[in-house]
1. Restricting attention to region 1-36, which residues are in contact with a His (Cβ under 9 Å, 6 or more places away or on another chain) and in a loop (DSSP other than H, G, I, E, B)?
2. Looking only at region 1-10, decide whether some residue is touching a Lys or Arg at 6+ places or on another chain (Cβ under 9 Å) and open to solvent by less than 50 Å² (accessible area, probe 1.4 Å).
3. Filter region 43-75 down to the residues that are small (G, A, S) and in a strand (DSSP E or B) and list them by number.
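The values are calculated or read from the model by the stated rules, or taken from the named source; none is laboratory data. What you see is a predicted model; the values in this text were computed from it and never measured. Here the Cβ positions follow ideal geometry from the backbone for every residue, glycine too, while neighbour counts run over all protein chains shown. The area values use the complete protein model at the heavy-atom level, side chains included, leaving out ligands, DNA and RNA. Shrake-Rupley method; radii C 1.70, N 1.55, O 1.52, S 1.80 Å.
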Amino acid sequence: AVAGSTVELGCGAQGDPAPRVQWHKEHGDLPSGRHEVDRENTLRLYAVTATDAGTYVCTAQSQLGTAAATARLRV
């Protein structure tokens, strides 16, 4: 990603009942005040900087279990 841009990371977790989805960053925190997760569980990072680079993890949890997916961001 280009520094200063907005990045979207999707997480296609589905189920009935709908799983609970959470995003976190390996080895750090999500950028304070510069991120949001929408109803489709897409993580948006605003005005990315080099410190935002790293691996982001989407975890979906339901009665049937837990699944996780990762995305690597380079700035």
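1. Within region 1-36, just L30 meets the criteria.
2. Yes - at least one qualifying residue is present in region 1-10.
3. Our first condition is that a residue be small (G, A, S); within region 43-75, this holds for 47, 50, 53-54, 60, 62, 65, 67-69, 71.
Within region 43-75, G54, A60, S62, G65, A67, A68, A69, A71 qualify.
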